[in-house]
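The values are calculated or read from the model by the stated rules, or taken from the named source; none is laboratory data. Treat the numbers as computed from the prediction; the structure is a model and nothing was measured. So basically every Cβ, Gly included, is an ideal-geometry build from the backbone, and we count neighbours across all protein chains shown. Please note that ligands, DNA and RNA were not included when accessible areas were found on the heavy atoms of the full protein model with its side chains. Shrake-Rupley method; radii C 1.70, N 1.55, O 1.52, S 1.80 Å.
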There are 2 protein chains.
Amino acid sequence: MGAVTQATPKTAPIGPAIILVEPQLGENIGMAARAMANFGLSELRLVAPRDGWPNPAALAAAAGATGLLDTAKVYASTQDAVADLTFVLAPSARARGQMKRVLAPDAAMADLASRLGAGQGGGILFGRERTGLENDDIALADALVTFPVDPAFASLNLAQAVLLVGYEWVRASRGVALPFEANPSTPPASRASLIGLFEHLEAELEDAEFYPPNKKPVMSRNMRDMFHRMGPTEQDVRTWRGAIRALAELRRRRKA
Amino acid sequence: MGAVTQATPKTAPIGPAIILVEPQLGENIGMAARAMANFGLSELRLVAPRDGWPNPAALAAAAGATGLLDTAKVYASTQDAVADLTFVLAPSARARGQMKRVLAPDAAMADLASRLGAGQGGGILFGRERTGLENDDIALADALVTFPVDPAFASLNLAQAVLLVGYEWVRASRGVALPFEANPSTPPASRASLIGLFEHLEAELEDAEFYPPNKKPVMSRNMRDMFHRMGPTEQDVRTWRGAIRALAELRRRRKA
């Protein structure tokens, strides 16, 4: 045996397998793949897709998430599709007459993330478009996941259910890191800059006889507070100082 | 003036207005309406929909969420559509070169829920299908909302963006109440029932000479723990007792 290179440990667990049970329309498979890609899920499993596999309609609907479709695995039964997993969840819009735990999506994904982080294999079953998961599919799951939908309008399509699961998976497994932050190109103004602005503004307002007698302190506090609520940047402070200067010049020219 | 009947106070704030800016396809308007209905949002505003209004394609795609479409209001400009609101959010997949606050969906909806709870009017702008919100639309918003999507695959369609906002709106405004709970038809087994089961099982196993010498205490603890992990109901306990009785009878008949 030669030297063994230690693989770099992953910083985040690989996501759960998304298992579509007997999906009917290729378009729905493609839209589900797109929703997976939005939230970084990469392992797609298909149980007996009605129209066979590969399916050109899936490719057309995947909006570029084709790598997922290329590597999708096809199984003859739900049981085969979950055989290598140790923890399986099943989204459901209703109680199923089985004594399954019922979890909210965030709790379910937190549980799944800790299991996958410990090296277990996890998957999430999604049912047929019209009829959902059968009781024999549900029996293979450790718990149900349900979404806080309006009971009067509870039906989510396949891609939407995958999207919500993917969203909570990212939140549970990677925290709430956002793809971008507020524009950092100019930093928030320092208090010194703000105070310079306030003094400039208040001096010009005093010169313009803006303040009623004895009102300057309270009015100044209120105006300063408005600027604090605004949270201006250094550039914003420069803009305001320029505006105040321009207005004051105008007034002086008119007076002259 | 006659007697004034006090309206019953609402227990949850009415949801934010969902404002679709220059939507192109009626189908997308319908799917957005469906996503709103999933999470109990009811106020749809349309800014200059390309194909006019009403639009039969929207009705066909709404999967029954037609009440929302019937009451949708149409505006000539984004500015008109937000004129009566005091807090406006704009989902965006990227920084926009404006100094807007950037909020995660949960933080954004929590902020919105507290404002709407205090009687303010709130709305969320969604952009055109291909080109999104223009900078002049963004300028009307108090903050951006962004989803923790994979930056390499960040594009959400209109209905999916509405769905995620609706999901977080429900979580923020109504907590995480689920549309159903675990099957309550038979309650979890009492400890007394479980202990009865354990003693029955252990007596039969002892009678069957199952335990190696001195191993009964530790093996019993392990088996009892398995049943605790299982969390059985009263009915489950009855099922197990029947199964144990049947196996023990079988063994006795064979011995006889």
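Please compute the average number of Cβ atoms from other chains found within 10 Å of each residue's Cβ in peptide B:151-162.
Working: counts 4, 5, 12, 4, 5, 5, 7, 0, 4, 9, 1, 0.
That average works out to 5.
Of all the accessible heavy-atom surface of region A:3-173, with the other protein chains kept in place and a 1.4 Å probe, what percent is carbon and sulfur? Could the numbers behind the result be given before it?
On the way: 3650 of 7100 Å².
It is 51 percent, rounded to a whole number.
Which listed residue (B:N135, B:A95, B:W240) has the Cα farthest towards the positive end of the charge dipole for chain B, taking +1 on Lys and Arg C-beta and -1 on Asp and Glu C-beta about the Cα centre?
B:W240
If you find the alpha carbon centre of region B:7-81 and of region B:83-120, how far apart are they in angstrom?
Region B:7-81 and region B:83-120 have Cα centres separated by 19 Å.
Suppose every Lys and Arg Cβ carries +1 and every Asp and Glu Cβ carries -1, with no other charges. What dipole size does chain A come out with about its Cα centre, to the nearest 20 debye? Write down the numbers at each step before the final one.
Values: 28 positive and 27 negative charges, 245 e Å.
I would put it at about 1180 debye.
May I ask you to give the percent of accessible area on region B:191-255 that is carbon plus sulfur, with a probe radius of 1.4 Å?
Roughly 55 percent of what the probe reaches on region B:191-255 is carbon or sulfur.
How big is the dipole moment of region B:191-255 about its Cα centre under a simple scheme where the beta carbon of each Lys and Arg is +1, that of each Asp and Glu is -1, and everything else is neutral? Debye, nearest 20, please. Provide the component values of the computation, followed by the final result.
Values: 14 positive and 10 negative charges, 36 e Å.
For region B:191-255, the charge dipole is close to 180 debye.
Using the Karplus equation 6.51 cos²θ - 1.76 cosθ + 1.60 (θ = phi - 60°), what ³J(HN,Hα) coupling, rounded to whole Hz, does each residue of region B:27-44 give in order, writing x for Gly and Pro?
With coefficients 6.51, -1.76 and 1.60, one gets 4, 5, 5, x, 5, 5, 4, 4, 5, 4, 5, 3, 10, x, 7, 10, 10, 9 Hz.
Starting with the highest mean, order B:51-60, A:21-30 by the number of other Cβ atoms within 10 Å, averaged over the residues of each peptide.
Details: B:51-60: 15.8, A:21-30: 21.3.
Final packing ranking: A:21-30, B:51-60.
In a shell of Cβ-Cβ distance under 15 Å around B:G127, excluding B:G127 itself, what net charge do Lys and Arg (+1) and Asp and Glu (-1) give? If you can, show how the numbers build up before the last one.
Numbers: positive: B:R45, B:R50, B:R94, B:R96, B:K100, B:R128, B:R130; negative: B:E22, B:E129, B:E134, B:D136, B:D137.
Taking every other residue near B:G127 into account, the sum is +2.
Go through B:195-206, A:123-134 and give me the packing order, highest mean Cβ count within 10 Å leading. Each step should come with its number before you reach the end.
On the way: B:195-206: 15.3, A:123-134: 18.8.
The densest-packed peptide leads the list: A:123-134, B:195-206.
Hey, what number do you get for chain B at 222 nm if only DSSP H runs of n ≥ 4 count, each worth -39500 (n - 2.57), divided across all residues, to the nearest 500?
Details: 10 runs with 117 residues, N = 256.
Taking each H run of at least 4 residues, the total per residue is -14000 deg cm²/dmol.
Counting only other chains, what is the mean number of Cβ atoms within 10 angstrom of the Cβ of each residue in peptide A:226-236? Display every interim value, and only then the final one.
Details: counts 0, 0, 0, 0, 1, 2, 1, 1, 0, 1, 1.
The mean count of partner-chain Cβ atoms within 10 Å per residue comes to 1.
Just the C-alpha atoms of region B:143-256: what Rg/Rh do they give, with Rh taken as the Kirkwood radius? Please report the intermediate quantities before stating the final value.
Details: Rg = 25.5 Å, Rh = 19.1 Å.
Checking Rg against Rh, the ratio lands at 1.33.
Express the Stokes-Einstein translational diffusion coefficient of chain A in µm² s⁻¹, to the nearest whole number, given a Kirkwood radius over alpha-carbon pairs, 37 °C and a viscosity of 0.692 mPa s.
Details: Rh = 22.8 Å.
Taking Rh from Cα pairs, D becomes 144 µm²/s.
Rounded, prolate or oblate: which one fits region B:191-255, using the alpha carbon gyration tensor with axes a ≥ b ≥ c (rounded when a/c is under 1.5, else prolate when a/b beats b/c, else oblate)? Display every interim value, and only then the final one.
Details: a/c = 2.57, a/b = 1.16, b/c = 2.21.
Judged from the Cα gyration tensor, region B:191-255 comes out oblate (a/c at least 1.5, b/c at or above a/b).
Could you give each residue of region B:239-256 its phi-based ³J(HN,Hα) in whole Hz, using Karplus coefficients 6.51, -1.76, 1.60 with θ = phi - 60°, and x for Gly or Pro?
Going residue by residue, I get 4, 5, 4, x, 5, 5, 4, 5, 5, 5, 4, 4, 4, 5, 5, 5, 5, 6 Hz, with x marking Gly and Pro.
Evaluate peptide B:26-38: per residue, the Cβ atoms of other protein chains within 10 Å of its Cβ; return the mean as an integer.
Details: counts 0, 0, 0, 0, 0, 2, 0, 0, 5, 5, 2, 6, 11.
So the per-residue partner count for this stretch is 2.
Chains A and B: what accessible area do they bury, summed, in square angstrom to the nearest 100, with a 1.4 Å probe?
Numbers: alone 15240 and 15260 Å², together 26280 Å².
Buried area (both sides, nearest 100 Å²): 4200 Å².
Can you list the equivalent-ellipsoid semi-axes of the protein assembly as shown, largest first and in whole Å, using the square root of 5 times each Cα gyration tensor eigenvalue? Don't skip to the end; give the middle numbers.
Values: eigenvalues 625, 156, 130 Å².
For the protein assembly as shown, the semi-axes come out at 56, 28, 25 Å.
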